[in-house]
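Trainee: The following block contains the structure, expressed as structure tokens.
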Amino acid sequence: MFITLRKLPEELLHLKTLRARSVLAAVDADKLMRLERGSAGEREYDLLFDEAGHGNLYVYRDIYLQIEGSVTQYDTLIISESGIIVNEIKNFTGDYRVEGSMWTHSGGGQIPDDAASQLRRATGKLMRLRNTVRFNFDVSGKLIFPNDNFRLFCDDDRVWNQVVLRADLRRYLAGFNNEYSGEYASQLADVIERHIVPNPYFKQRVEFDSVRHSLYCGGCGSFKLEKQHFHLLCMTCGSRESNETHLVRAMSDFKYLFGPLEMTSRRMMQFTDGMVNYRTVLRSLAKYCHAHGQNKSTSYEFMYYDFEEAMEKEKPNRKYKDYIAR
């Protein structure tokens, strides 16, 4: 079973929000493209794992483990009575060649931090965890390449033993149906859970006045909105979203753009450029945020991971529907 949700990376959410409200630098645009491609590969992997079935396993996705004073990110950990298997998911496209420890791409030269090295570090950390907690378990790993447009050229059987290509992925995941999880696997899952920590690496922030203030369409991204009674109408694509939806998007944007900057009702009025009246802003802040302080000193902390999670969890409690043009 999937124990943890696979959420969009915080850096990806930051860059997507920044792109919506400003012009990305070339280096950030390239990073965003790579993060989106990686996230798409992970979704494909999860979909195929769902089809294959995983109810007899403990599957941890997108977690950070603190081991011996340092933190390592894992795409997927699969736990059964046999131990822990690390799956590092690489949504590479194009032709790659491996010679010795060097990975090269046909269009761009040598890869400085190759996938095999990352897998060795990830499994090595778990071996050190095994020594630290004095709980014996086997550790192994695979590099998962879920993209049909990826081709690997290599004469080293040791590399091929670590690799699962898209053509073999369904068969590989179905193989876990032969595994099961009993008391030993449960204890091993407890060891992993005790070492899970929040992502310590996401530190990106921008200044409050460095991005565009206002509300924008969830369908096409346009800022050309016309006020209606309970909705805002996009004059570019015709989408119509409720005031509440726009405010939730603004709260999520605030979180991923400004980080530790306190979210106050005054700042939200500035950030949304007064597109929604003050009382509606206050109601939405009270509904979707934790409040800290009282009266004029009150600040708000968005209680959800991102806009999508908030919309999904509050769906039964929403009065007005949205209409996104397709």
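Trainee: Distance check, please: which entries in 7/255; 16/313; 31/319; 203/319; 224/321 exceed 26 angstrom between their Cα atoms?
Mentor: Going by Cα-Cα distance, 31/319; 203/319 fall outside the 26 Å limit.
Trainee: Express in whole angstrom the spacing between the alpha-carbon centres of region 286-304 and region 143-168.
Mentor: 49 Å
Trainee: What area, in nm² and to one decimal, does the C-alpha convex hull of region 93-221 cast on average over all directions?
Mentor: Over all viewing directions, region 93-221 projects a mean Cα-hull area of 13.8 nm².
Trainee: Right, next: Report the normalised scattering of region 12-136 as log10 I(q)/I(0) at q = 0.12 Å⁻¹, calculated by the Debye formula with identical scatterers on the alpha carbons.
Mentor: Summing over Cα pairs of region 12-136 leads to -0.63.
Trainee: Right, here's the next one. Ignoring GluC sites (Glu not before Pro) that are buried or in helix or strand per DSSP, and keeping those with at most 10 other beta carbon atoms within 10 Å, what is the longest stretch of the chain between them?
Mentor: Value returned for the longest uninterrupted segment is 69-206.
Trainee: If you count only protein heavy atoms with a 1.4 Å probe, what accessible area per residue comes out for region 94-230, rounded to a whole Å²?
Mentor: That works out to 60 Å² for each residue.
Trainee: Which value, in debye to the nearest 20, gives the size of the charge dipole of the chain about its Cα centre, when Lys and Arg are +1 and Asp and Glu are -1 at the Cβ?
Mentor: Magnitude of the dipole: close to 1300 debye.
Trainee: Right, another one. Quote the accessible area belonging to residue 284 in square angstrom, nearest 10, computed with a 1.4 Å probe and with ligands, DNA and RNA left uncounted.
Mentor: Around 10 Å² of this residue is reachable by solvent.
Trainee: In nm², what is the average projected area of the convex hull enclosing the Cα atoms of region 226-302?
Mentor: Quarter of the Cα hull surface area: 5.1 nm².
Trainee: If you don't mind, another one. If you check each cysteine of the chain for another cysteine whose beta-carbon is under 4.7 Å away, which ones come up empty?
Mentor: 154, 289
Trainee: A further question on this structure: Along its principal axes, what span do the Cα atoms of the chain show, with the longest given first and each in whole Å?
Mentor: The principal-axis extents, from largest down, are 64, 47, 35 Å.
Trainee: Right, another one. With the full set of protein chains in place, find how many percent of the accessible area of the chain is carbon and sulfur; take the probe as 1.4 Å.
Mentor: Ligands and nucleic acids excluded, carbon and sulfur give 48 percent.
Trainee: Arrange the residues 33, 311 by how much accessible surface each exposes, largest first, with a 1.4 angstrom probe.
Mentor: 33, 311
Trainee: Any idea which of 270, 254, 196 is furthest toward the positive side of the dipole for region 184-282, if Lys and Arg beta-carbons carry +1 and Asp and Glu beta-carbons -1?
Mentor: It is 270.
Trainee: For region 182-326, compute Rh as the Kirkwood radius over C-alpha pairs and then the Stokes-Einstein diffusion coefficient at 37 °C and 0.692 mPa s; write the answer in µm²/s, rounded to an integer.
Mentor: Stokes-Einstein gives a translational diffusion coefficient of 193 µm²/s.
The values are calculated or read from the model by the stated rules, or taken from the named source; none is laboratory data. Here the structure is a predicted model, which is why all the values come from computation and not from measurement. Note that we place each Cβ from the backbone using ideal geometry, even for glycine, and neighbour counts take in every protein chain shown. Each accessible area value is taken on the protein alone, full model and side chains, heavy atoms only, with ligands, DNA and RNA left out. Shrake-Rupley method; radii C 1.70, N 1.55, O 1.52, S 1.80 Å.
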